[in-house]
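Beneath this line is the structure, given in structure tokens, with notes to follow.
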Amino acid sequence: MPNAFNSFVYKYIRPSKAKRSFEYANKLINCSISTPFPIAYIENSTVSGLKTSYYISKHIDYDFEFRELIHNPSFPEREIILQQFADFTFKLHQNNINFLDHSPGNTLITKGNGGYQFYLIDLNRMRFETMTFDKRMHNFRRLWLSKTMIKVLAETYAKLYNKSYQDTHDLMLKHSRAFQLKINSKKLRRSGRKMQFKK
């Protein structure tokens, strides 16, 4: 349940997360981007604001999440999956979609005769804007990519975008490492505060 401020905001100023997810899912489908099929969204509110909201979509019997490629370098057909994922992300960007939660747990993957299918979930944070080269590479940062993964993704993306491999690789690596450093620094600071608290 949102706090009092957000409750008011989601009622009168900004669409709720559930409504955004529903609307964004339809936009993705209109662009031929896969996501669990949107069915409905439900909002429960009072005069003071939104109390609860729910987004309902069709269930997907997926085979694995993108995160498994990170934790298992020997995952079957890992390089092929990454190449196809680069193509999938390129398609997002070509449709001017900036998926702000492009992270390891938010892409479900199924395997079929024609290769791999990628489904985006947790859709409430997106921007529909012109995707510059920097924004495109910045959009990979939350995926927590290894050097090997960046090499494969950059190689495929560079060919699709008609950009040099080196430029694509270097900028993707720069944004990925900056994000990882930021997260690790936060973890260290939190750990330090906990240690001080225990003392």
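Values in this text are rule-based calculations from the coordinates and carry no lab data. Model, not experiment: these values are computed from the prediction. With ideal geometry, Cβ positions are generated from the backbone for all residues, glycine too; neighbour counts draw on all protein chains shown.
Here are a few things to note about the model shown:
- Cα gyration tensor, region 64-185 - rounded (a/c under 1.5), prolate or oblate: rounded
- Legend: distances between Cα atoms for LYS111/LYS186; LYS91/LYS163; LYS147/LYS186; LYS58/LYS182; pairs beyond 27 Å are LYS111/LYS186; LYS58/LYS182.
- Nearest-20 debye value, the chain charge dipole, Cβ charges on Lys, Arg, Asp, Glu: 1340
- A dipole drawn for region 64-185 from +1 and -1 charges on Cβ atoms has a positive end, and of ALA178, GLN94, GLY114 the residue lying farthest that way is ALA178.
- Per-residue packing, averaged as other Cβ atoms within 10 Å, sorts the ranges 98-105, 26-33 into the order 98-105, 26-33, beginning with the highest.
- Rounded to whole Hz, the Karplus (6.51, -1.76, 1.60) HN-Hα couplings of region 184-191, x for glycine and proline: 5, 5, 4, 5, 5, 5, 5, 5
- Amide H to amide H, with H built 1.01 Å from N, LEU123 comes under 5 Å of no residue 5 or more places away or on another chain.
- J(HN,Hα) series, region 66-72, from Karplus relation 6.51 cos²θ - 1.76 cosθ + 1.60, nearest Hz, glycine and proline x: 4, 4, 5, 5, 6, 7, 10
- Per-residue Cβ neighbour rank within 10 angstrom, fewest leading, ARG78, ARG20, ARG190: ARG190, ARG78, ARG20
- Sequentially through region 146-158, phi angles give Karplus couplings (6.51, -1.76, 1.60; θ = phi - 60°) of 7, 4, 5, 5, 4, 4, 5, 4, 5, 4, 6, 5, 4 Hz, Gly and Pro residues having no value and appearing as x.
- Interchain or long-range residues, amide H under 5 Å from LEU50's placed H: PHE8, TYR10, LYS11
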